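> Input: one structure, supplied below.
The values are calculated or read from the model by the stated rules, or taken from the named source; none is laboratory data. Just so it is clear, the structure is predicted and the values come from calculations on it, not from any experiment. In this analysis, Cβ positions are derived from the backbone assuming ideal geometry, glycine residues included, and neighbour counts consider all displayed protein chains. All accessible areas refer to the heavy atoms of the entire protein, side chains included, with ligands and DNA or RNA removed. Shrake-Rupley method; radii C 1.70, N 1.55, O 1.52, S 1.80 Å.
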Amino acid sequence: MSAAESVLTDGPQRVAGSDGVPLSRRLSTRLLRSELRLIAGRRRNQMGLLVLAAVPVFIAVAVRISSPREGRGPDFLSSITSNGLFVPIAALSVELGLFLPLAIAMLAGDAVAGEANLGTLRYLLTVPVGRTRLLVTKYVSLLIGAVWGVAVVVLAGAIAGIALFGTGPMLTLSGTEISFGSAVWRVVLVSLYIAVGLAALGAVGLFISTLTEQPLAATVALMIFTILSWIADSVPQISWLHPWLLVDQWMAFGDLLRDPPFWDNIAQGLRVDLAYVVVFWLLAWARFAGKDITS
Amino acid sequence: MTHRLDHLQTSVPGGDLAIATRGLTKRFGARAAVDDLDLVVPRGSVYGFLGPNGSGKTTTIRMLLGLVRPSAGTSSLLGQPIPQGAQVVLPRVGSLVEGPAFHPYLSGRANLQRLDAADLTADPRTSRQRIDAALDRVGLLATAGKRYRAYSLGMRQRLAIAAALLMPRELLVLDEPTNGLDPQGTREVRHLVASLASDGTTVFVSSHLLSEVEQMCTHLGVMSDGRLVAQGSTTEVRGGSEPTARVLTEQPTAAVRIMTELGLGGVEAVPGGVRGTPIGVAPEEIVAALVEGGVGVKEFTVTSPSLEDLFVALTGEGFDVSG
């Protein structure tokens, strides 16, 4: 009784601490916002975004300079280049091989392994931040990071493309032309599809990040995973494995540029993405929830 | 709410204790880093947790805070079982574990803001003033805007202490808080601990340097090689050892005879005089008997062994790292 009384008379904050935290505060996004500020404020990440943004600008300028003079080049290229939105699409397909996965791998390396390496993990956990809550926050910030990275490529590409090539009708992969307005929507769909794929890669990265205290090791491991997946996907002798590979349908985003869009491969890709998210998120949780934090 | 708190407080053994462990053990492989530990830390005490480097202090603290799972045994903080009750009780516990750790490219203040943002029990509206108060309390307010990487070791240590003081705490667990601090900083930490303790906060402070904590502790626990070799109030721990009477004289043989007759234990001649253990003999009786016996007393002292001697006797080492 006296112990309880002393808790109660110690002041309102202590009561709030010992009893339930109000629901509104339990759902607070303060930690997530702090996490995003941390990611956005890091010089290395800012440089990474610059690199992501430089690629579409480079593509746009290169195509502009080399585009055929009047009457000499193929019709095909000139009909593509009547709409600047080919630039973000081309940039995404180039960066999806290495740069975008690398960006996710860097963030994933920082997520848990980076905090463990700095020792800040033990201080977060004793604040306390529940381990599940920390993992959810880290994963949500990886998701936002994936969307962020794709958005930077697309926006830089769209601006450079429209500036250099204008806003004419877009030629679909089926050979038909669609208006600029519907072309914008297609680009948004492509971006979202790619972001979902990267988010699934982020789940793999989050799991790897719980295995080590070296952020660089986690980054490298995730890149090895990505590159091995691409290699396995390109070997026809193991085609039975292909439907199980995360990257197998990543390049299927081109199907969204058909008229009408072809959904089968996209749906298959999203199913694989979702399966990877579920499996690796659970693995990460199982690993992290009971882990001894000795860093 | 009274009801529920009451239930929580009384349903767990050791509810009146700030920290209680029973048979707490952690093995890494075959080696027991912490072996069968029964800590008893009363509320309101300043508990000095002593032991040489590598004696298992930090592993114990990690188990108390739910960072590491014990291999065996149980522990409770403020009456809550750990790790089950960690989320409930840790907001009332400020801690410093194995040195400071912060994001190097964030300022001291931004690092504290991050920790405060992580705390669901912290009110965001008072965040700024609480952070300022904590920085002020450790003397870092003026340099709060500097990046953490530019901080000296002493400033880093202070920032870590500030982080432990962001919220009102019932218990502070401070692992080597004076590490890396200059003598002035060490004194300041001592004063800080004393002022926190006078507010009623229980302080559990570990150190491998007894001299740094002995003046502020009401209770002591001494670790050696993963085991608790002594525990109790400072006087209890001290009480295990006896005082020594020393006489400086030029007639040691006579002094030995007289002191032995008086019933002192372990009387022996030492360079320049004689010493013995006065059990049940008042110092003035010894002096009177010596003078009566014609022994010229140049100097007479009765000293209790310093805790430092006791510490060395218990842990049996100086600079060696155990385990």
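> Looking at the stretch A:134-170, which of its residues are open to solvent by 60 Å² or more (accessible area, probe 1.4 Å) and within 28 Å of B:G85 (Cα to Cα)?
A:V136, the sole residue that qualifies.
> Considering only residues that are among the aliphatic types (A, V, I, L, M) and facing another protein chain (nearest Cβ under 7 Å), which ones fall in the stretch B:84-98?
B:A86, B:V88, B:L90, B:V97
> What is the residue count in the stretch B:191-234 for residues that are open to solvent by 30 Å² or more (accessible area, probe 1.4 Å) and farther than 23 Å from B:G316 by Cβ?
8
> Could you grab me the full set of residues in the stretch B:162-182 that are within 12 Å of another protein chain (Cβ to nearest Cβ), touching a strand residue (DSSP E or B) at 6+ places or on another chain (Cβ under 6 Å) and over 16 Å from B:A133 (Cβ atoms)?
Result: B:L171, B:V173, B:D175.
Yes/no per residue for (1) aliphatic (A, V, I, L, M); (2) touching a helix residue (DSSP H, G or I) at 6+ places or on another chain (Cβ under 7 Å); (3) at pLDDT below 95; (4) closer than 27 Å to A:I144 by Cα:
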residue	(1), (2), (3), (4)
A:G48	no, yes, no, yes
A:V51	yes, yes, no, yes
A:A54	yes, no, no, yes
A:A62	yes, no, yes, no
A:I65	yes, no, yes, no
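> Of everything in the stretch A:240-295 that's aromatic (F, W, Y) and within 27 Å of A:S182 (Cα to Cα), which residue is nearest to the other protein chains (Cβ to nearest Cβ)?
In this case the residue turns out to be A:W250.
> Can you tell me which residue among B:A134, B:A122, B:A110, B:A101 is in a loop (DSSP other than H, G, I, E, B) and more than 7 Å from every other protein chain (Cβ to nearest Cβ)?
Being in a loop (DSSP other than H, G, I, E, B) and more than 7 Å from every other protein chain (Cβ to nearest Cβ) holds for just one of B:A134, B:A122, B:A110, B:A101, which is B:A122.
> Of the residues in the stretch B:295-323, how many are at pLDDT 75 or above and acidic (D, E)?
Number satisfying all stated conditions: 1.
> With the structure loaded, tell me whether A:S179 is surrounded by 23 or more Cβ atoms within 10 Å (Cβ to Cβ), more than 14 Å from chain B (Cβ to nearest Cβ) and more than 15 Å from the chain's Cα centre (by Cα) or whether it fails that test.
no
> In the stretch B:131-185, what residues are acidic (D, E) and either farther than 18 Å from B:S206 by Cβ or open to solvent by 10 Å² or more (accessible area, probe 1.4 Å) (or both)?
Of everything in the stretch B:131-185, those that are acidic (D, E) and either farther than 18 Å from B:S206 by Cβ or open to solvent by 10 Å² or more (accessible area, probe 1.4 Å) (or both) turn out to be B:D132, B:D136, B:E170, B:E176, B:D182.
> Do we have any residue at all in the stretch B:62-83 that's surrounded by fewer than 20 Cβ atoms within 10 Å (Cβ to Cβ), more than 7 Å from chain A (Cβ to nearest Cβ) and on the phi > 0 side of the Ramachandran plot?
Checked against the condition, which is being surrounded by fewer than 20 Cβ atoms within 10 Å (Cβ to Cβ), more than 7 Å from chain A (Cβ to nearest Cβ) and on the phi > 0 side of the Ramachandran plot, the stretch B:62-83 yields at least one hit.
> Can I ask one more? Given the residues A:L222, A:L211, A:L228, which is the only one that is among the hydrophobic types (A, V, I, L, M, F, W, C), part of a loop (DSSP other than H, G, I, E, B) and modelled with pLDDT of 95 or more?
Every option except A:L211 fails the conditions.
> Does B:L159 fit the bill of being of a type in the set (A, V, I, L, M, F, W, C), more than 7 Å from every other protein chain (Cβ to nearest Cβ) and under 21 Å from the mean Cα position of the chain (by Cα)?
It is true that B:L159 is of a type in the set (A, V, I, L, M, F, W, C), more than 7 Å from every other protein chain (Cβ to nearest Cβ) and under 21 Å from the mean Cα position of the chain (by Cα).
> Okay, next question. So, in the stretch A:97-123, of the ones that are in contact with a helix residue (DSSP H, G or I) (Cβ under 9 Å, 6 or more places away or on another chain) and not in a helix (DSSP H, G or I), which residue ends up most open to solvent (accessible area, probe 1.4 Å)?
Top of the filtered list is A:L98.
> Pick out, from the stretch B:13-85, the strands (runs of 3 or more DSSP E) lying fully within it that include 1 or more residues that are outside the structural domain of B:T234 (by TED's automatic domain parsing).
none
> Can I ask one more? Starting from the stretch A:265-292, keep only residues that are at pLDDT 95 or above, then list their pairs with residues that are among the basic types (K, R) whose Cβ atoms are within a distance under 8 Å, requiring at least 6 positions of separation or different chains.
A:F288/A:R131
> Identify, please: which residue in the stretch A:218-244 is without any contact (Cβ under 8 Å) to a residue 60 or more places away in the chain and among the hydroxyl-bearing types (S, T, Y) and is, among those, most open to solvent (accessible area, probe 1.4 Å)?
It comes out as A:S234.
> Would you confirm whether any residue within the stretch B:183-190 is within 24 Å of A:R26 (Cα to Cα) and either within 10 Å of another protein chain (Cβ to nearest Cβ) or assigned to a helix (DSSP H, G or I) (or both)?
No, the conditions are met nowhere in the stretch B:183-190.
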